[in-house]
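Peer 1: Let me begin by handing over the structure; questions about it come next.
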Ligand SMILES: Nc1nc2c(ncn2[C@@H]2O[C@H](COP(=O)(O)OP(=O)(O)OP(=O)(O)O)[C@@H](O)[C@H]2O)c(=O)[nH]1
């Protein structure tokens, strides 16, 4: 046949009832059924074997089903179910040619296959052609009666069956007009319908509820071919737009989208073969579920291989990608669009849920890239913030202003970056990353603030140190009644100055009141600490300082000149003055008087150590444990060393060598020496000096006595003047001394006292 160009056909189910999937798949690809969506129609034909079914289909739809060769006799041609596409009919129409019923070859099994194939045809087709001989109409033993019975019976096995068009094609019509034949046929059909056992729910359901019954009559193809062809051509027109309103097709409730046809047909056949009831709505949902899932998986796999996505993913590992969100959203949208296009005709609930699933999977796939972008964005923002903030601070911008400005600017920068990276289809929350960024920035601001505050505090502490340490030391050094008032005044002034300076500088840091007050208080404490530290430091040297002061006053006169001991000095008053002055130092350093509170330390010390010591010097006590122990140590050292230093003894021996010799030679001198010894002894006993005095003063006095030696010698000379020889001896001593060059050596000088007595004194204080 020439007009069947473009027709494909395949065996859908073979004679053994096996569904031939591969044949169907390639057939569907060939006819591009998947592109049809719901715009396709399925027509099938049933009828007795060798009743010219294939011949009719080939003429009606320009298919290429195998027809029986008229010369080979009436043997079965079509085995199983064949499928072909119509040529020249819109929309795409698929035709199923079923194995003829009543076939002689199949025997008893035929019934089973007939039922199965009839059920399959009813489930799949929009239009079912029932091929029948005209002469069978009204006949009790008509060949098509069992077939119809089968059709109606299996119809009951379909839950919620679709309304199918049953077109009875009467072959080899006689002269009896169709108008007369049709009522008889319909009566036959009704009888068969009535005879079929029905479930309770459909007991009274009319046939019209399940079927649109159409009847057409065709002349014999063999005897009246031209008429046959003409009638077929007319009939063919009715199959155009069969699925449109008023078209031949039924209600198409059970139609599955073209892309699900293969799967649906396979599943239906499987269920039928397993002799299970066929629930068409559930089947439709099942087909939709499987197909939507398959389509979603195909789209997902395609997405994972998408070059644009792979490039974005790779780029996201190394840093922010400009337009990441927009680009990725577009790729995802494309993927979903393709999915939507393919599943458009499947059950809405199913396709929507599968779409959501696909979308979730896609978002899950791209999420790590998105997070990577956010991570880069966050870390990059932190770094840029640090840089800009440091720069702003270095350029002199206030801390608070700089931190606010930079933080705002870089949070905006981050927000823009986020907006750029956000994927339309997602509703991912970026607030956590944002919060982390805020924390990072705040931490940095805090660390810089802490460093700056520490720096600022240190600078003020340093200033305070400079302003207080030296002056306080000087004030303590000159310990007097005004020392502590002056220190307090100084401390107040410097503290106020530092605190107000720091307070002013802190205003730029936006500190809370408590922190600010603490810092100021700390600075005040520091200032006090400097003074206290200095006072303690000075107190630590109290003994040396006291001794120095005592020695200074004891060994120097009111003009700070080395005191010349003539023997007439009031040692007691000098000692008292020196001691009082030393005690003043002690009383000043004995307590830290940073608060305006008066105390009796000075008075107590005076009473305890000066007045009392006048009467009971031995009761002199140092109340400060440290001072006391130091004093004791010093005293102990002195007690072991109360003799004049060795050099003094040596000097005495050298200088007094002549005198000693004179003494030894002259009995008068011996007497005078003896008297001197007695006087010294008496002096020693009378003074009954305290341990401290002995320890501190006696060695000094003995030391001084080395300088008094010439005086003593003068006194001796005066005594000697009472006789001529002693004077000579005295002169010879002086001459001898001068001759030895001792009196003229470096540190010695010759001084005359008020009484005209001449003596030598050392410029060194020992
Ligand atoms: N009397 C008559 N014979 C016809 C008509 N159309 C076809 N035939 C003949 O019937 C025989 C069977 O034709 P097929 O078209 O193969 O019949 P079939 O129903 O497809 O056969 P199976 O597929 O084997 O069931 C052929 O010899 C045809 O020439 C017709 O309209 N009237």
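Quick note: the coordinates plus some simple rules give every number you see, no bench work behind them. Computed from a predicted model, the values in this text were never measured in an experiment. Positions of Cβ are generated from backbone atoms using ideal geometry, with glycine treated the same way; all protein chains shown enter the neighbour counts.
Peer 1: With 10 angstrom as the radius, rank 335, 406 by how many other C-beta atoms surround their C-beta, starting from the fewest.
Peer 2: 335, 406
Peer 1: If you find the alpha carbon centre of region 401-479 and of region 334-385, how far apart are they in angstrom?
Peer 2: Centre-to-centre (Cα) distance: 39 Å.
Peer 1: A further question on this structure: What FRET efficiency comes out for the pair residue 439/residue 525, r = Cβ-Cβ distance, R0 = 22 Å, nearest 0.05?
Peer 2: Efficiency, rounded to the nearest 0.05: 0.10.
Peer 1: A further question follows. How far apart, in nanometres, would the label points at residue 393 and residue 463 be if each is projected 7 angstrom from Cα along the Cα-to-Cβ direction?
Peer 2: Label at residue 393, label at residue 463, 2.0 nm between them.
Peer 1: Also, quick follow-up: Set the Förster radius R0 to 25 Å, insert the Cβ-Cβ distance between residue 557 and residue 677 as r into 1/(1 + (r/R0)^6), and round the FRET efficiency to 0.05.
Peer 2: 0.30
Peer 1: Still on this structure, please answer the following. Please arrange 61, 308, 210, 263 by counting, for each residue, the other beta carbons lying within 10 Å of its beta carbon, fewest first.
Peer 2: Placing the least packed residue first, the sequence is 308, 263, 210, 61.
Peer 1: Within region 309-330, find all residues whose amide N lies under 20 Å from a label point positioned 7 Å from the Cα of residue 424 along Cα-to-beta-carbon.
Peer 2: 309-313, 321-330, by backbone N distance to the label point.
Peer 1: How do 223, 397 line up, fewest other C-beta atoms within 10 Å first?
Peer 2: Placing the least packed residue first, the sequence is 223, 397.
Peer 1: Take residue 302 and residue 361, extend 7 Å from each Cα along the Cα→Cβ direction, and tell me the distance between the two endpoints in nm.
Peer 2: Those two pseudo-labels are separated by 1.4 nm.
Peer 1: Tell me the label-point distance for the pair residue 222, residue 191, using the 7 Å Cα-to-Cβ offset, in nm and rounded to one decimal.
Peer 2: In this crude label model, residue 222 to residue 191 measures out at 2.7 nm.
Peer 1: Taking a ≥ b ≥ c as the square roots of the Cα gyration tensor eigenvalues, with a/c under 1.5 meaning rounded and otherwise prolate when a/b beats b/c, else oblate, which class fits region 128-175?
Peer 2: Oblate shape, in that a/c is at least 1.5 and b/c is the bigger or equal ratio.
Peer 1: Another question about this same structure. Cα extents of region 161-260 along the three principal axes, largest first, in whole Å?
Peer 2: 47, 38, 21
Peer 1: Another question about this same structure. With a ≥ b ≥ c taken as the square roots of the eigenvalues of the C-alpha gyration tensor of region 2-276, please select rounded if a/c is under 1.5 and otherwise prolate if a/b is larger than b/c or oblate if it is not?
Peer 2: Since a/c stays below 1.5, the shape of region 2-276 is classed as rounded.
Peer 1: Please state the equivalent ellipsoid semi-axes for region 327-423: what are the square roots of 5 times the Cα gyration tensor eigenvalues, largest first, in whole Å?
Peer 2: Semi-axes (√(5λ), whole Å): 45, 11, 9.
Peer 1: Subtracting the Cα-Cα distance from 0.36 nm times the residue separation, let me have the gained length for residue 230 to residue 405 in nm, one decimal.
Peer 2: Additional length available on full extension: 54.0 nm.
Peer 1: Rg/Rh for region 424-540: what does it come to with C-alpha atoms and Rh from Kirkwood?
Peer 2: Over the Cα atoms of region 424-540, Rg/Rh equals 1.29.
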